[in-house]
Amino acid sequence: MTEPAPAVASLVTIVTQTRVREGHAEEFGRWQATISAAAAEFPGFIEQTVMPPNPPSQADWVILQRFASGGDAAAWLHSDRRLALAQDALPMLIGRDDVHLVRDSGPGVLPAPVSAVISTRIKAGQEGAYREWEQRIAAAQAKSPGFQGYRFEPPIPGVQDDWLAILRFDTEGHLQAWLDSPARAKLLQEAEAFTEEYHARVVRTGFEQWFATGANPASAPPAWKQNMLVLLLLYPVVFLFGLLVQNPLLIKGAKLPFWLALFIGNVVSVLLLTVLVPRASRALGWWLNPPPGKAGTASLAGAALVIGLYAASMYIFSRLS
């Protein structure tokens, strides 16, 4: 990584995955705040998202830094400021960082319910063989249960030497089933002739941290169930806060402007959901993570129940309005 890449038209996200030594998580969190503040001073910086580890499936810290263009992202990556800060972090880390640039368009962009970020370094002169192999593994994984999308990124001269693939699945169980499948193992064996280095890391995103996973921690509920449950709890929280607190106390009583009262309401809603969603997910565990033999029936019954609760809450709140 010595020369910046040319700017691209679309937004770009720098995806960094790193493993932190035991006992250094708090120190690493403070370091992340420092590097986020440094990145914010560079042209084109938009936002940074930090996802702490989520054992046992995700052992890495995942940092997403979004920039307005590839050129802006590369300028930050190669800057003396970032390189000095990265040097300071080395004693806290295990092994090397994985750092990749991903264009924020197309079907495979993070975040997703669960993703695997796979980087591959190809032997010189074997690019054609790798591309042909990549088409075959893409076709095979598309047939795997729970597959949601695939993104393939070639190397960026002067920025990253690896070929990058991002696989998106609806649950960790489905992703792991593909990663461990005989079909994939056979394809990886075929790729050994032209592969110099290869490794994969799993990223969990979305609402998964709120949901209990029952007896099988490797399998989070499908995204549609998570979304339904969050909406079931979010609606009454927002309605009741607006009815009992936001309108009478914040807007009429304290004379706060609507935009500020709304922000306070959003903060309260998120804090309440971090308490309510885990409890509700345990109560509805039979629906969120049903036994394999009852998955179809339980999914339909749970969805009907939640829809019924939607209707009941709307009826009740219509009488209170």
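The values are calculated or read from the model by the stated rules, or taken from the named source; none is laboratory data. Owing to the predicted nature of the structure, the values given are computational and were not obtained by experimental measurement. Methodologically, a virtual Cβ is constructed for each residue, glycine included, from the backbone with ideal geometry; neighbour enumeration extends over all protein chains shown. Note: accessible area is taken over every heavy atom of the protein model, side chains too, but ligands, DNA and RNA are not part of it. Shrake-Rupley method; radii C 1.70, N 1.55, O 1.52, S 1.80 Å.
If we keep just the residues of the range 150-190 that are modelled with pLDDT under 80 and of a type in the set (A, V, I, L, M), which is nearest to residue 131 (Cα to Cα)?
156
Could you tell me which of the residues 72, 97 is surrounded by 13 or more Cβ atoms within 10 Å (Cβ to Cβ), modelled with pLDDT under 85 and within 17 Å of residue 13 (Cβ to Cβ)?
Matching residue, one of 72, 97: 97.
Return only the number of the condition from (1) touching a helix residue (DSSP H, G or I) at 6+ places or on another chain (Cβ under 7 Å); (2) open to solvent by 40 Å² or more (accessible area, probe 1.4 Å); (3) assigned to a strand (DSSP E or B) that residue 47 does not satisfy.
Only one criterion in (1) touching a helix residue (DSSP H, G or I) at 6+ places or on another chain (Cβ under 7 Å); (2) open to solvent by 40 Å² or more (accessible area, probe 1.4 Å); (3) assigned to a strand (DSSP E or B) is unmet by residue 47, namely (1).
Based on this model, can you work out whether residue 276 counts as open to solvent by less than 80 Å² (accessible area, probe 1.4 Å), modelled with pLDDT of 85 or more and outside any helix (DSSP H, G or I)?
No: the conditions fail for residue 276.
Hey, can you tell me all the residues within the range 122-149 that are of a type in the set (Phe, Trp, Tyr), modelled with pLDDT of 85 or more and either farther than 18 Å from residue 100 by Cβ or loosely packed, with under 14 Cβ neighbours inside 10 Å (or both)?
133
With the structure loaded, tell me whether residue 312 is modelled with pLDDT under 90 and either in a helix (DSSP H, G or I) or surrounded by 13 or more Cβ atoms within 10 Å (Cβ to Cβ) (or both) or whether it fails that test.
no
Specify the residue that is nearest to residue 199 (Cα to Cα); the eligible residues are those in the range 20-30 that are of a type outside the set (A, V, I, L, M) and surrounded by fewer than 17 Cβ atoms within 10 Å (Cβ to Cβ).
Residue satisfying both the conditions and the ranking: 21.
Assigned to a helix (DSSP H, G or I) and modelled with pLDDT of 85 or more, is that true of residue 256?
Considered against the rule, which asks whether it is assigned to a helix (DSSP H, G or I) and modelled with pLDDT of 85 or more, residue 256 comes out as no.
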